[in-house]
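Some notes on the structure that comes next.
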Amino acid sequence: MKLVYLRTDFPNCRSRILLRNIDSDNNPQLHHYILVLSNIGELWVDIFWPHDEDSEKYTTSLSEQQFWRIFREWRLHGITLGDNNRVAEILAKKELEKKRRFIKKI
């Protein structure tokens, strides 16, 4: 398992830190995250997340020490578990939109 530490700072002041396993890129549309924590207190553990080109624009690399320092700071604000079903719904909606666009072109 090869881990990468990332931080995404969106323009709307939302942020998240991500612990990503880059060894498991079997599906280019999904990224395997061991942990995702947002500054609003949502914690997602061991999930596959749809690739999002927009968020890639706001994502930077972190050192392991920076990641865990931010994690400790945000954890003090409280943590709520994320919903993996929501991730599956997002991916399914993206796939449906691709199919609809393809059908409209035909």
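Applying the selection to segment 62-84, what residues are part of a helix (DSSP H, G or I) and either in contact (Cβ under 8 Å) with a residue 24 or more places away in the chain or among the hydrophobic types (A, V, I, L, M, F, W, C) (or both)? Reasoning before the result, please.
Here is the first cut: in segment 62-84, the residues part of a helix (DSSP H, G or I) are 64-75, 84.
Result: Glu64, Gln66, Phe67, Trp68, Ile70, Phe71, Trp74, Arg75, Asn84.
Are any residues in segment 6-38 polar (S, T, N, Q), within 17 Å of Lys57 (Cα to Cα) and without any contact (Cβ under 8 Å) to a residue 24 or more places away in the chain, and if so, which ones?
Asn12
Inspect all residues belonging to segment 75-96 and state whether any of them is at pLDDT 80 or above and either surrounded by 12 or more Cβ atoms within 10 Å (Cβ to Cβ) or under 15 Å from the mean Cα position of the chain (by Cα) (or both).
Among the residues of segment 75-96, at least one is at pLDDT 80 or above and either surrounded by 12 or more Cβ atoms within 10 Å (Cβ to Cβ) or under 15 Å from the mean Cα position of the chain (by Cα) (or both), which makes the answer yes.
Answer yes if at least one residue in segment 53-61 is part of a loop (DSSP other than H, G, I, E, B) and either surrounded by 13 or more Cβ atoms within 10 Å (Cβ to Cβ) or not basic (Lys, Arg) (or both), and no otherwise.
In the first step, residues of segment 53-61 are kept if they are part of a loop (DSSP other than H, G, I, E, B); the result is 57-58.
Those left that are additionally either surrounded by 13 or more Cβ atoms within 10 Å (Cβ to Cβ) or not basic (Lys, Arg) (or both): 58.
Yes, segment 53-61 contains at least one residue that is part of a loop (DSSP other than H, G, I, E, B) and either surrounded by 13 or more Cβ atoms within 10 Å (Cβ to Cβ) or not basic (Lys, Arg) (or both).
The values are calculated or read from the model by the stated rules, or taken from the named source; none is laboratory data. The structure displayed is predicted, hence computed values, not measured ones. Neighbour counts are summed over all protein chains in view; Cβ atoms, including those assigned to glycine, are modelled from backbone coordinates with ideal geometry.
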